[in-house]
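Chemist: Below you will find the structure I want to go over with you.
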Amino acid sequence: MPTLRMKRTRRCKWCLVFTVIVVYGVIPAVVLLFPGIVSHIVLSYSVPLYFGDLKHPSSAGLDAARYVSVATNTGDTLGLWHILPESVLGEQKVQEKPISDAEFDSHMASGDPIFIYVHGSGGTRGQFTRVYTYTALRGENWHVIAFDFRGFGDSSGETTEANMAEDTVTVYNWVKKHSASSPVFLWGHSLGTGVATQAARLLSSKHDAPDGIVLEGAFNNIHDLLEVALITMPYWPFPFLLDIFQDALKSSDIQFSSDEQ
């Protein structure tokens, strides 16, 4: 009669067999049949990770900040926060009165540096880890412009790699329209580094390059990243399986090639 230990051992063996079948059989087969699923995983634009009101930055704990809706050339809209520097926040607390849009525009043109934050995959501009970054940047007395790409958060439209770069250019142009001679920088994080470099190239081709670009957690391109990403570790000993994911990225035209910009 089988003992309890034997039953547990048998159960563990079946769990191991099931895991191997799923990881090395089912998942690659699904990717082969539906390669577009990889773009959803890479971009993760349908994962909100924030359930506050994106039209009110105060819901994320950000005072002296406003919501702006910026139109793209396709008629879609991008949700955006303009977060004022720490010095202005201190003035507002002393005066205890709301800041008008005209005052926001005036502050933007005051000469203080402006950083456009280009976030990575998943979530929205309201994600708490990103809010921490905004708070740190405004603490240096810099303006922060945080926005969501098309398809992310409250921004409408389709999410593609090309659209993400174009959205960054759209936000940059909006900032330049209101910032007079204030220096404007791009700050890319994670996947956003690939977007920021593409946007900088597009702007440079129009002789309107940003004053600088900061890349936080950068990588050469998405294909090199896939080769070393922990999520693909089970496939490292089997290059032919890893090629399935690489081909799916290529078929979805996902490159994020910072090294070629």
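The values are calculated or read from the model by the stated rules, or taken from the named source; none is laboratory data. Here the structure is a predicted model, which means the values were calculated and not measured. With ideal geometry, Cβ positions are generated from the backbone for all residues, glycine too; neighbour counts draw on all protein chains shown.
Chemist: Give me the helices (runs of 4 or more DSSP H) completely within the range 62-143, filtered to those with at least 3 residues that are buried (at least 18 other Cβ atoms within 10 Å of the Cβ) and at negative phi, ordered by residue number.
Modeler: Qualifying helices (runs of 4 or more DSSP H): 101-108, 128-138.
Chemist: A further question follows. Is it the case that S59 is modelled with pLDDT under 85 and either surrounded by fewer than 18 Cβ atoms within 10 Å (Cβ to Cβ) or of a type in the set (D, E, K, R) (or both)?
Modeler: no
Chemist: Could you list, in sequence order, all residues of the range 28-41 that are farther than 24 Å from G123 by Cβ and aliphatic (A, V, I, L, M)?
Modeler: A29, V30, L32, L33
Chemist: Something else: Just to be sure I understand the filter: pairs with C-beta atoms under 9 Å, separated by 6 or more residues or on different chains, first member in the range 231-257 and at positive phi, second member assigned to a helix (DSSP H, G or I) and charged (D, E, K, R). Which pairs pass?
Modeler: D253/E161; F256/E161
Chemist: Could you check the range 154-185 and list, in sequence order, the residues that are farther than 26 Å from A102 by Cβ and not in a helix (DSSP H, G or I)?
Modeler: Result: S156, G157, E158, T159, T160.
Chemist: Now for a separate question. Kindly check whether there is at least one residue in the range 206-215 that is part of a helix (DSSP H, G or I) and buried (at least 16 other Cβ atoms within 10 Å of the Cβ).
Modeler: no
Chemist: A further question follows. Do we find that I244 is modelled with pLDDT of 90 or more and either within 20 Å of the chain's Cα centre (by Cα) or not hydroxyl-bearing (S, T, Y) (or both) in this structure?
Modeler: The answer is yes for I244.
Chemist: Mind checking whether some residue in the range 222-232 is at pLDDT 85 or above, surrounded by fewer than 16 Cβ atoms within 10 Å (Cβ to Cβ) and in contact with a His (Cβ under 8 Å, 6 or more places away or on another chain)?
Modeler: no
Chemist: Under 8 Å between Cβ atoms, which residue pairs at least 6 apart in sequence (or on different chains) link something in the range 9-33 that is without any contact (Cβ under 8 Å) to a residue 40 or more places away in the chain with a partner that is assigned to a helix (DSSP H, G or I) and surrounded by 11 or more Cβ atoms within 10 Å (Cβ to Cβ)?
Modeler: Cβ pairs passing all conditions: V30/I37.
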